[in-house]
Amino acid sequence: MSLSVSKLNSNILIAENRRAAPEFSQKVRVLCWVMTQPKHLKSRTQHIRATWGKRCNIVLYMSSEVSDFPTVGLNVSEGRSQLYWKTIRAFQHIHTHHLDDADWFLKADDDTFVVLENLRYGLSKHNAEEPLYFGRRFTPFIAQGYMSGGAGYVLSKEALRRFVKGFADGLCTHNTETEDVGLGKCMETMKVQMGDSRDVLGRQTFHPYPPDYYLPRQTPRPRPWYLIYEHYQPVEGPGCCSDLAISFHYIDAVQMHTLEYYTYHLRPYGYKYRFNPNVKIQVRQEKRWLIQTLGVIHLKRKELLYV
Amino acid sequence: MMYEGSSFMKGMILGGIFCLVVSFFETFNSGTHSEGHEHLHHHLKPVSKDELEKLSESQMSDWTLQVRVYCLIMVTPKLLVHWATANDTWSKHCDKSVFYTSESSKVLEAVDLQEQDEWARLRKAIRHAYENAGDLRWFFVARPTTFAIIENLKYLVLDKDPSQPFYIGHTEKSGELDYVEYDSGIVLSYETMRRLIEIFKDVDRCPERGNALWKTPEETQLATCLKYSGVFAENGEDAQGKGLFNKKSVSSLISDSMGQNPADVVEACCSDMAITFGGMSQSQIQVLMYGVYRLRPYGHDFHDSLTFLPPKDSDND
């Protein structure tokens, strides 16, 4: 089982995006709001604050009460039946106070893990002035479908305007307690388009369950219960999930830090990732030594050319 | 009755004293051999980034050719699920991986050593690997319950000469003896393997069937034989001194860190260049495989001096 040899000539196709991360954070501004409650701040939300929360351009922790966490106090009470009210009030608050601070508006639960860099990358090809909405697409209840609440969903600036306007004009109402379905219905009413968040290989980026639900190999079988609502044909095993995943849900505190470690820290030295989202990027080598052994290559001093 | 009883008691006492004397004598013997051998480095770290950048092309070329790994994975039919998981995941990243089993399984391929005793099996595997090494110069011995990131193993030994005796992993002490813990994986250089083959012939110092009154674990038996060959255990760690070889699972280590370092859980926990983890279930290992080889944030680039290509015919890395 040797590593593969690649016959390289003077041009090597490698995806390298050295400066992508800082550029994107100013070009693709994301405001994150986390649906939480006073009881969860210590057990859940603090771990978001310690991990991915700081990667948002702005992060707002939405609760029934204001606090030094800091949380925003919405004019709602807690409980499952209040979730859609919370969503409505949260987006209204954001529209009033932060509309110009961001281009895209992400909703997440306090047990969702999000990789902001991959979200920005996915959104970078789209125009926030268009009425768009991304997430994990579910089919039932609404004709055009809706995006799973737990996996997190993102509204473009125009979509946010339309959501708020819909309620202001009475076209959208609090017609359900299930916030993701309710929001999905309003999106349909206000003619906001459903986006496709899958990567170039058709793999999912938003996930309503933890990675161990999807990644283990399975023999072909009828859809398990957690894949029943899927709009796109679900894939079980390694093809389930993009390398550039955006979210996982039902993530407890230990898993939150574990995913942080996997995403941002633990890595295989020198590994050339199989998946290259941008195949158009070429590398021009100024001075380069190639040693063709069983798969080990030494590269020195490269320049980037974006085609 | 009394007369027989006291003979019995005398016999027991004499026997007990004899046992104590024999075991004392044995430890005394092994103690004296440790004098006169210098521990040049008890802690072993990877080459620094600065040093890597200073290297000449021919040096880099030598190193890249040397740093190829033969994985010996010691399985039994009882560990079939972990065997299959290792086969499907990390072992694909070894330059050569061979499964050595106590008895054959119809389901998975392995070299059947037909040996129930674990130490005897390990010896046979080592002999087989040495004879079939080809031009591979580094050897990694692990059970299938261990998960290894071979690229990070290569990074650790990159600047080490395999014609020198190296014996690396997570080190522990058994009395005066430093040994490498089996559960977190054992790294051996070619020279160490060569010396082992030699010392295996010495039935007094390195017997195949233990002559102690109780069974010693293979990891300490290995350390003892190696000590007689002048090879000493070294602890593999990163530039910050964090251990690279772990027998605990990632979530267990994270959980410990949450208790001990709540302000800085991930930073304080585990190395970015960790090599092994243990005690993980099959589905946790599939997630770890994805976490190591695939899941990453777009736009982060590391400028490593070497590149390792992904293995052929694999879809989970």
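The values are calculated or read from the model by the stated rules, or taken from the named source; none is laboratory data. Please read all numbers here as calculations on a predicted model, not as lab measurements. Counting neighbours? That spans all protein chains shown, and the Cβs are built from the backbone with ideal geometry, glycine included.
Only one of (1) within 14 Å of chain A (Cβ to nearest Cβ); (2) under 30 Å from A:CYS241 (Cβ atoms); (3) touching a residue at least 60 places away in the same chain (Cβ under 8 Å); (4) in a loop (DSSP other than H, G, I, E, B) is not met by B:ALA239, so which one is it?
Only one criterion in (1) within 14 Å of chain A (Cβ to nearest Cβ); (2) under 30 Å from A:CYS241 (Cβ atoms); (3) touching a residue at least 60 places away in the same chain (Cβ under 8 Å); (4) in a loop (DSSP other than H, G, I, E, B) is unmet by B:ALA239, namely (2).
Identify the single condition in (1) among the hydroxyl-bearing types (Ser, Thr, Tyr); (2) at pLDDT 95 or above; (3) surrounded by fewer than 20 Cβ atoms within 10 Å (Cβ to Cβ) that A:SER247 does not satisfy, given that it satisfies every other one.
Evaluating A:SER247 over (1) among the hydroxyl-bearing types (Ser, Thr, Tyr); (2) at pLDDT 95 or above; (3) surrounded by fewer than 20 Cβ atoms within 10 Å (Cβ to Cβ) leaves (3) as the failure.
Can you tell me which of (1) polar (S, T, N, Q); (2) within 30 Å of B:VAL250 (Cα to Cα); (3) more than 12 Å from the chain's Cα centre (by Cα) is the one B:ASN132 doesn't meet?
(2)
Across the range A:225-255, what is the total count of residues that are at positive phi and free of Cβ contacts under 8 Å to residues at least 60 places away in the same chain?
1
Confirm whether B:TYR228 is out of contact with any Phe, Trp or Tyr (no Cβ under 9 Å at 6 or more places or on another chain) and either within 14 Å of chain A (Cβ to nearest Cβ) or farther than 25 Å from A:SER247 by Cα (or both).
yes
Which condition does B:TRP83 not pass, out of (1) in contact with a strand residue (DSSP E or B) (Cβ under 8 Å, 6 or more places away or on another chain); (2) within 14 Å of chain A (Cβ to nearest Cβ); (3) at pLDDT 90 or above, if it passes all the others?
Exception for B:TRP83: condition (2).
Suppose we keep only residues that are assigned to a loop (DSSP other than H, G, I, E, B) and among the charged types (D, E, K, R) within the range B:1-54. Which one would you say is modelled with the highest pLDDT?
Filtering first and then ranking leaves B:LYS45.
Is it the case that some residue within the range B:302-311 is touching a residue at least 24 places away in the same chain (Cβ under 8 Å) and hydroxyl-bearing (Ser, Thr, Tyr)?
Scanning the range B:302-311, I find at least one residue that is touching a residue at least 24 places away in the same chain (Cβ under 8 Å) and hydroxyl-bearing (Ser, Thr, Tyr), so the answer is yes.
From B:ARG205, B:ARG294, which residue is facing chain A (nearest Cβ under 8 Å) and either among the aliphatic types (A, V, I, L, M) or free of Cβ contacts under 8 Å to residues at least 24 places away in the same chain (or both)?
Being facing chain A (nearest Cβ under 8 Å) and either among the aliphatic types (A, V, I, L, M) or free of Cβ contacts under 8 Å to residues at least 24 places away in the same chain (or both) holds for just one of B:ARG205, B:ARG294, which is B:ARG294.
Identify the residue in the range A:256-267 that is facing chain B (nearest Cβ under 7 Å) and in contact (Cβ under 8 Å) with a residue 12 or more places away in the chain and, among all such residues, is nearest to B:HIS300 (Cα to Cα).
That would be A:THR263.
Which residues, counting only those in the range A:108-134, are touching a Gly at 6+ places or on another chain (Cβ under 6 Å), away from chain B (no Cβ under 11 Å) and charged (D, E, K, R)?
A:ASP109
Tell me, please, whether a residue that is in a loop (DSSP other than H, G, I, E, B), within 14 Å of chain B (Cβ to nearest Cβ) and at pLDDT below 95 can be found in the range A:173-194.
Checked against the condition, which is being in a loop (DSSP other than H, G, I, E, B), within 14 Å of chain B (Cβ to nearest Cβ) and at pLDDT below 95, the range A:173-194 yields no hits at all.
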